[in-house]
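The values are calculated or read from the model by the stated rules, or taken from the named source; none is laboratory data. Computed from a predicted model, the values in this text were never measured in an experiment. Note that each Cβ is placed from the backbone with ideal geometry, even for glycine, and that neighbours are counted across all protein chains shown.
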Amino acid sequence: MDLQLKGKRALVTGSTAGIGAEIARVLAREGVIVAVNGRNEKRGRQVVEQIREEGGQAILAMGNVAEAEGGEQAACVVEAELGQIDILVNNAAGFAASSSLSTALTVPPELWGRTTDLNVGAAVRMTQRFIGPMREQGWGRLIHIASHGATHPSGETADYAAAKAALLNFSLAVAKELAGTGITSNSVSPGMVLTRSLEAWFKAIGKREGWGDDLAKSEAWVLKNYATQLVSRIGRVSDIADLVAYVASPRSDFMNGTNLHIDGGASPGMN
């Protein structure tokens, strides 16, 4: 299927590793000129080089978009190199608490605000920064990477889940505000996806259970003892990136104000 993306320009925030990096690579394979963004310049350059080695086009726009100065730094590079963008993927994320298992009653109040900045503040900042040119051209795609935990919180990483829930609200509010403009705003909610952080957890499980770095055994253990889903594997970054590429394309014109669950059936339902 031709996604009709050739020549489009995109900024993918938080794309120096993990899901964001794969989104950047997949968009570039579809002919999109991609701005790779993040805080780690070495990793960012590696992603840009990977894209170029595959024949794609990419630039590096460094900056911490969760902060005003970093967001403006990245935006200025994008404007100087690309002029404007057609697609904004708000993928930059994180949580401020020291433990990935922090709960609603253990995360200090001040860290809730910081986690909100990392997830919602970054998306609000970059959306407001780039929405003007999209309005002028009458076309654009805003895609916000949320989380399964936004609608199905487990109690762990409570500040992160709450921030992602707020991101869903923002995405829908933007979709309604931009109704009929040719710009769509949708969110994508991944479930458990094999990234570097999850791989580290798998290795810790393997060490504890006695099978070392055998990630397949750790994945099977997690599916049996931890994850509740309908698909018998953990997600891969390519699963998320392929969906984002479709949502970013002109072919998704009839999709707006939607939250797309891609979580192996971890949140089955009729809606």
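Miscellaneous remarks
- Condition broken by Ser218, with the remaining ones in (1) free of Cβ contacts under 8 Å to residues at least 60 places away in the same chain; (2) under 22 Å from Phe95 (Cβ atoms); (3) of a type in the set (Ser, Thr, Tyr) satisfied: (2)
- Pair list, Cβ under 6 Å, 6 or more apart: segment 56-80 residue more than 10 Å from Asn37 (Cα to Cα) and crowded, with 17+ Cβ neighbours inside 10 Å, other residue polar (S, T, N, Q) and modelled with pLDDT of 95 or more: Gly70/Asn64
- None of Arg251, Arg233 is in contact (Cβ under 8 Å) with a residue 12 or more places away in the chain and touching a Gly at 6+ places or on another chain (Cβ under 8 Å) except Arg233.
- When Leu223, Leu198, Leu260, Leu243 are screened for being under 27 Å from Ala173 (Cα atoms) and assigned to a helix (DSSP H, G or I), only Leu243 passes.
- In the condition set (1) charged (D, E, K, R); (2) in contact with a helix residue (DSSP H, G or I) (Cβ under 8 Å, 6 or more places away or on another chain); (3) without any contact (Cβ under 8 Å) to a residue 12 or more places away in the chain, Lys207 is compliant with all but (2).
- Selection count, segment 228-254, where residues are surrounded by 17 or more Cβ atoms within 10 Å (Cβ to Cβ), within 12 Å of Gly191 (Cα to Cα) and not polar (S, T, N, Q): 5
- Subset of segment 42-59 [outside any helix (DSSP H, G or I) and among the small types (Gly, Ala, Ser)]: Gly55, Gly56, Ala58
- Selection status of Ser171, crowded, with 16+ Cβ neighbours inside 10 Å, outside any helix (DSSP H, G or I) and within 17 Å of the chain's Cα centre (by Cα): no
- Segment 174-198 - residue that is in contact with a Ser or Thr (Cβ under 9 Å, 6 or more places away or on another chain), surrounded by 12 or more Cβ atoms within 10 Å (Cβ to Cβ) and without any contact (Cβ under 8 Å) to a residue 60 or more places away in the chain and, of those, nearest to Asn259 (Cα to Cα): Val174
- For segment 155-164, a residue qualifies if it is closer than 19 Å to Gly14 by Cβ and either in a strand (DSSP E or B) or β-branched (Val, Ile, Thr) (or both), and exactly one does: Thr157.
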